[in-house]
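Have a look at the structure below before the remarks.
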Amino acid sequence: MTLKNNQLRKIPSVDEIIDYFQDSMINAPYLLYINAIRHTLEIMRLDIQNGNIKKNIKEHTLQMVEKSLNEISTSNMKNIINGTGIILHTGLGRAPISEES
């Protein structure tokens, strides 16, 4: 087995990361956190394959995930209700066609 394969095996799984950060994953939709974790893991894999990371892979991964989750938790996303309906969507109906048309 190659050195890179050994390093890739040290990356924690999505489930391990969820268990580790479960208490801090409360301010946004769960799927948003999952996608951020998966994206971070993909970046870690690419960094390892390119030789950019060689030591403390698990710790580095957890730090990167924590940074990503903090960005999500501190974002200004708020739940809203779109009560504007179709009127706003269609621009208050059709404009009358001029006689010159």
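The values are calculated or read from the model by the stated rules, or taken from the named source; none is laboratory data. Being a predicted model, the structure only gives us computed values, none of them experimental. No Cβ is skipped: glycine too gets one built from the backbone with ideal geometry, and neighbour counts run over all protein chains shown.
Laid out as a table, the results:
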quantity	calculated
In segment 1-21, the residues that are free of Cβ contacts under 8 Å to residues at least 40 places away in the same chain and not acidic (Asp, Glu)	Met1, Thr2, Leu3, Asn5, Asn6, Arg9, Ser13, Val14, Ile18
Counted residues, segment 10-23 - those being modelled with pLDDT under 90 and loosely packed, with under 13 Cβ neighbours inside 10 Å	2
Failed criterion for Arg45 (all others in (1) among the charged types (D, E, K, R); (2) under 29 Å from Lys4 (Cβ atoms); (3) loosely packed, with under 12 Cβ neighbours inside 10 Å hold)	(3)
Residue within segment 33-42 that is in a helix (DSSP H, G or I) and touching a residue at least 40 places away in the same chain (Cβ under 8 Å) present	no
Yes/no for Leu31 being aliphatic (A, V, I, L, M), loosely packed, with under 11 Cβ neighbours inside 10 Å and under 16 Å from the mean Cα position of the chain (by Cα)	yes
Counted residues, segment 1-32 - those being part of a helix (DSSP H, G or I), more than 15 Å from Thr61 (Cα to Cα) and of a type in the set (A, V, I, L, M)	3
Residue match in segment 46-58 (condition: part of a loop (DSSP other than H, G, I, E, B) and at pLDDT 90 or above)	yes
